[in-house]
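Chemist: First, the structure itself, so that you have it in front of you.
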């Protein structure tokens, strides 16, 4: 008997592959970032009285918009967070159950995503922190949703510090680590236990 495969998961990967082949990695990067931002704009605004209130909301049934797509989020101190489950893990697993590896042009796309650019700079993502094309959706989405969140009356800002692939490869953005005041060495250790690491700061 053939095993069940989620065609939605497989189709997403094929779509990214075809887009990158036909329009180039740079254009595909822009498209995926815009997609993430458009989805984020549909989320309601949220306000929390302080960071502790924000942290409590992450794992109490979905009152925090970011936790609607992320599981097992843990606050590691000083506004630094780690997540243990990649939102696209099931997508990758579905594809890998049919094929032995992800499309070859995903490496080129990831390199393009990690290059400095106006879109990633504005959202404080990329610049070395991506390990796959899915980071080009997940990271901008989280940052864009955070722009709809206020903590103690101040605007929340996400800084993407690092990420880890299913194979264990780590990607760390020294630029965003420096901006957030976190050492790359600390993020390296965090990624031993988590698949994604980011910081939340507030800005009046």
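Each reported figure results from applying straightforward, stated rules to the coordinates on display, with no laboratory input. In this text the structure is predicted, and so the values were computed from the model without any measurement. Positions of Cβ are backbone-derived with ideal geometry, glycine not excepted, and every protein chain shown enters the neighbour counts.
Chemist: In segment 22-62, if every C-alpha pair distance is counted and binned at 5 Å from zero, what percent goes to each bin?
Modeler: Going from the shortest bin to the longest, the percentages are 5, 17, 15, 15, 14, 12, 10, 8, 4, 0.
Chemist: A further question on this structure: Output the antiparallel fraction of DSSP beta bridges having both residues in segment 7-203, as a percent to the nearest 5.
Modeler: 90 percent
Chemist: Translational diffusion coefficient, Stokes-Einstein: compute it for segment 143-204 using the Kirkwood radius over C-alpha pairs as Rh, at 37 °C and 0.692 mPa s, and state it as an integer in µm² s⁻¹.
Modeler: Answer, rounded: 269 µm²/s.
Chemist: Still on this model: Plugging the Kirkwood radius over Cα pairs into Stokes-Einstein for segment 96-201, at a temperature of 10 °C and a viscosity of 1.306 mPa s, what D comes out in µm²/s?
Modeler: Stokes-Einstein gives a translational diffusion coefficient of 112 µm²/s.
Chemist: Any idea what % of Cα-Cα pairs in the chain are farther than 27 Å?
Modeler: In whole percent, the share of Cα-Cα pairs in the chain beyond 27 Å is 28.
Chemist: Here is a further query. What is the fewest-to-most order of 99, 141, 48 by other Cβ atoms lying within 10 Å of their Cβ?
Modeler: Ascending Cβ contact count within 10 Å gives the list 99, 48, 141.
Chemist: Which ordering of 7, 149 is given by a fewest-first count of other beta-carbon atoms within 10 Å?
Modeler: Exposure proxy ranking, most exposed first: 7, 149.
Chemist: Here's another thing I want to ask about it. What is the angle, in °, between the Cα long axis of helix 7-23 and the longest principal axis of the Cα atoms in the chain? Nearest 10 is fine, range 0 to 90.
Modeler: Roughly 80 degrees, rounded to the nearest 10.
Chemist: Can you give me the relative contact order of segment 58-204 as a percent, contacts being Cα pairs under 8 Å and 6 or more apart? All intermediate terms of the calculation are to be shown ahead of the outcome.
Modeler: On the way: 246 pairs, mean separation 35.6, N = 147.
Relative contact order here is 24 percent.
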